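Here is the structure we will look at, set down as structure tokens.
Values in this text are rule-based calculations from the coordinates and carry no lab data. The model shown is predicted, which means the values in this text are computed figures rather than measured ones. Note that each Cβ is placed from the backbone with ideal geometry, even for glycine, and that neighbours are counted across all protein chains shown.
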Amino acid sequence: MATIKDVANEAGVSISTVSRILNFDDTLSVGDDTRRRVLEVAEKLEYKKRNKRKPKLSNQIAIVQWHTDKEELSDLYYLQIQYGIENKASSMGASIERITYESIDKSHIKSFDGIIAIGKFDHTEVTHLKSFGLPMICIGENYLRYNLDCIRSDFETPVRKIIDRFIQNGIEDIGMIAGREITVTEKQKVRDPRVETFNQYLSSKNLYNKSFVYQGAFGPDSGFALMSQAIADLGDSLPHGFMIGSDSMAVGALRSLQQHNIDVPKRTSIISFNDVAIAKYTSPALTTVHVHTELIGERAIELLLQRIKNPKKVPELVIIGTELMERESSL
């Protein structure tokens, strides 16, 4: 595992700056460019260099981002996926350009050989992207109904496993701090399979308590606010186990628990999702669900090249498994 010193040396900043950025310290006065550079370096150092020779391609690929650049700095999941794609594309000689959905220029987008769209796009947005007539792969949701290849992670299975893990450790009062997303254009609420599975699976065991579930924006500030609200609302009835929608939310939630002198994991265990680089640098380090973003990147590039070669190919839905990374924040 790369150390904070490694990240600092690569990013050209101090160790203390890296530590504060990785812990989303909002009192740190640095620009977004510096913040992004540190976060990207932390992610890139997690990837092992591969020496396998790959065929060199000349394809120009557009990554269309659902989130704005600023939003990505608060929730690193999409940034992590982007790097997985870029890592694979680079090894094959393909060139990548990042474009936010709101900044798409039709004359420019038509110069690409294909699109990889990352995020939760609504009907208007998917239809708009399809209108460019380019081969397209979607990451994040099931878009088979639009005749599009798509890739998403399996988030349902780990939710059940986390609940089973808590119960096996004698924890039956289980809460959730979840993110809430809406689409950009139609302002439609985005379905979160983790929340649905959490509600259904706990209900099947007669352990579901609606008052233990809090939802808000993805990001550390929201995680802090939601956990603080849970502590204020529930007092001594605060759940002994929490599932948290993302690592960045967990950073904020952890800070709130520590400010309230609630021991993690002895009093309250927390398990989050994504396993971005920051998960390893918190204190305690986060137990989290690892999303195989490098594999997602590989499959996205492979599917796009297949689609470019054979536009009439039957569309596929690829579901990538996840893995629980056991660290220090849970029993």
At the level of C-alpha centres, the distance separating region 188-216 and region 263-331, in angstrom, is 20
Quick calc, A285 & N199: beta-carbon distance into FRET formula, R0 41 Å, rounding 0.05, result 0.90
By the C-alpha gyration tensor axes a ≥ b ≥ c (rounded if a/c is under 1.5, else prolate when a/b exceeds b/c, else oblate), the shape of region 156-291 is rounded
Mean separation of Cα contacts under 8 Å (at least 6 apart) over the residue count of region 1-45, i.e. the relative contact order in percent, is 44
Simple SL model, points at 7 angstrom along Cα→Cβ for D263 and M92; separation in nm is 5.1
Nearest-0.05 FRET efficiency for L28 and L331 at R0 = 25 Å, using Cβ-Cβ distance, is 0.20
Here the FRET efficiency for T185 versus I4, based on Cβ atoms and R0 = 41 Å and rounded to 0.05, is 0.55
Once normalised by the length of the chain, the mean sequence separation of its alpha carbon contacts under 8 Å that are 6 or more apart gives a contact order in percent of 20
Once K161 and E316 are pulled to full extension, the length gained, defined as 0.36 nm per residue separation minus their Cα-Cα distance, is 53.1 nm
Simple SL model, points at 7 angstrom along Cα→Cβ for N209 and D236; separation in nm is 1.3
Mean separation of Cα contacts under 8 Å (at least 6 apart) over the residue count of region 91-184, i.e. the relative contact order in percent, is 21
HN-Hα couplings for region 109-125 via Karplus (6.51, -1.76, 1.60; θ = phi - 60°), in whole Hz with x for Gly/Pro, come out as 5, 5, 7, 8, 8, x, 10, 10, 9, 10, x, 10, 8, 8, 4, 4, 5
